[in-house]
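Read-outs throughout are calculated quantities, based only on the coordinates presented, and are distinct from any laboratory measurement. Since the structure is predicted, the reported quantities are computational estimates derived from the model, not experimental observations. Every residue, glycine as well, gets a Cβ built from its backbone with ideal geometry; the counts of neighbours run over all protein chains shown.
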Amino acid sequence: MKSILLAGLTGLVFGTGIVLSGMANPAVVLGFFDVAGAWDPSLAFVMASALLVTAIGYRVVLRRPAPVLDTRFHLPAKRKVDRSLFAGAAIFGVGWGIAGFCPGGAIPALGLGESSAWIFVASMLAGIAIARMARRSLAAARPQTA
């Protein structure tokens, strides 16, 4: 129960930060990408602040032997930039530039009643399902090595 409450509180703090920073508003995000028009640099300040907080947070938290609510840290094992990572990042960036939403901004926007956020989240979930099916299909079609 403690972990559920802590996860809810963390989500509430994150969502509040996203909404207060304007990142739940696709016009702000799209304004950042409009470098030839009415450019809005506020996204750069939000990102820089997030990177600073994350860098400090990781240094402090990873000094601990384990997280508060788990027995070990679950950090990515892969350190190599591969085709899958590059393709996923490119798709993410194109989608963010077209829609003005990323998952972190769209989910809090659901609570604001943004109809475009509902469409984005539904599309995102469909894309996740399709990608998982494609990955399973490709893995099954790959010849097994002994």
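Observations on the model:
- Sorting 46-59, 64-77, 95-108 by their mean Cβ neighbour count within 10 Å, with the most densely packed peptide first, gives 95-108, 46-59, 64-77.
- Applying 0.36 nm per residue to the separation of Ser116 and Gln144 and subtracting their alpha-carbon distance, the gain on full extension is 5.7 nm.
- Straightening the chain between Ala66 and Ile4 buys 20.5 nm, computed as 0.36 nm per residue apart minus the Cα-Cα spacing.
- Sum of -39500 (n - 2.57) over DSSP H runs of 4+, divided by residues of the chain (222 nm, nearest 500): -23000 deg cm²/dmol
- Label-to-label distance for Leu85 and Phe45 is 3.2 nm, based on points extended 7 Å past Cα in the beta-carbon direction.
- Ala77-Val53 pseudo-label distance in nm [points 7 Å out on the Cα-to-Cβ vector]: 3.1 nm
- The range 13-55: chymotrypsin sites (Phe, Trp or Tyr not before Pro) in DSSP loop, at most 15 other beta carbons within 10 Å: Trp39
- FRET efficiency, 1/(1 + (r/R0)^6) with R0 25 Å, evaluated for Ala129 and Val35 via beta carbons: 0.15
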